[in-house]
1. For L136, which of the numbered conditions (1) closer than 17 Å to F81 by Cα; (2) at pLDDT 95 or above fails to hold?
2. Exactly one of (1) free of Cβ contacts under 8 Å to residues at least 40 places away in the same chain; (2) over 23 Å from E163 (Cα atoms); (3) part of a helix (DSSP H, G or I) is unmet by E50. Its number?
3. Restricting to region 53-83, and then to whatever is crowded, with 17+ Cβ neighbours inside 10 Å and small (G, A, S), can you tell me which residue is nearest to R111 (Cα to Cα)?
4. Test V127 against the criterion of being at pLDDT below 90, out of contact with any strand residue (DSSP E or B) (no Cβ under 7 Å at 6 or more places or on another chain) and surrounded by 14 or more Cβ atoms within 10 Å (Cβ to Cβ), and give yes or no.
5. Among the residues of region 96-107, is any farther than 19 Å from A175 by Cα, over 12 Å from the mean Cα position of the chain (by Cα) and β-branched (V, I, T)?
6. Only one of V135, V42, V149 is without any contact (Cβ under 8 Å) to a residue 24 or more places away in the chain, touching a Leu at 6+ places or on another chain (Cβ under 7 Å) and of a type in the set (A, V, I, L, M, F, W, C). Can you tell me which?
7. Exactly one of (1) touching a Ser or Thr at 6+ places or on another chain (Cβ under 7 Å); (2) assigned to a helix (DSSP H, G or I); (3) among the acidic types (D, E) is unmet by D69. Its number?
8. Which strands (runs of 3 or more DSSP E) sit wholly inside region 74-190 and have at least 2 residues that are among the aliphatic types (A, V, I, L, M)?
Amino acid sequence: MSVAWKNVAMAISFSATATGAATGTARAGDPTRQLLRHIMVVGGTLRDWERLGDARWNDRVERLGEIADQAGASFLTLRAFEPGVDPVDLESWQRQVGACRVIVDPCGDGRKRFAEAMQKLRPDEPVNEATVTEVLYAPADCEPDLIVVLGESTRLPPSLVWELAYGELVFHPMAWDELSPDHLVDAIADFARRERRFGGLDDDS
């Protein structure tokens, strides 16, 4: 599948097999690495995450991380959609896949995450977009450019609060265990066709 990046005068190509393995090119210094630096995938409850199991988690992180790396992203964050009924305590963890840092973040409550981030700010530190972004997304050093939501477009994830300001949303109505690398490829292609407004409105709005 050929993906044309409308925001820059270049294109990168993605091809996926039936098993979801993908190949592509994106060199350090390419404008695409600045266009799409941080991808976030949001889906499932904490029980859904637990049921996935260690083997499938490792496979998912590796395969999605490869796609994000080939797209030029420095960070890929996987986040729960919501805590769900009878939530369990899960630990966050990270893995480096190529040049992309994959962050597994099980927190499904966006208000709780935001409150905890505010507590990390020093008393003498100003509260502004830059300082909030630094503590909210760490170890990522930037807000998400693309947010892939596994769910209907009629309901936003409770795990997202601050993230909705500038990120481009792509919805895939599916269960957490149905997510495949092909779905991430499709979301990146959708993102590439858009004219980003960074929180602004269409000219004809």
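The values are calculated or read from the model by the stated rules, or taken from the named source; none is laboratory data. The model shown is predicted, which means the values in this text are computed figures rather than measured ones. All Cβ positions, even for glycine, are placed from backbone atoms using ideal geometry, and neighbour counts span all protein chains on display.
1. It fails just one condition, (2).
2. Looking at each condition in turn, E50 falls short on (1).
3. A80
4. So V127 does not fit the description; no.
5. yes
6. Numbers: V42 fails: without any contact (Cβ under 8 Å) to a residue 24 or more places away in the chain; V149 fails: without any contact (Cβ under 8 Å) to a residue 24 or more places away in the chain.
Criteria check complete, one pass: V135.
7. Looking at each condition in turn, D69 falls short on (1).
8. Of the strands (runs of 3 or more DSSP E) lying wholly inside region 74-190, those with at least 2 residues that are among the aliphatic types (A, V, I, L, M) span 75-79, 100-105, 146-149, 168-171.
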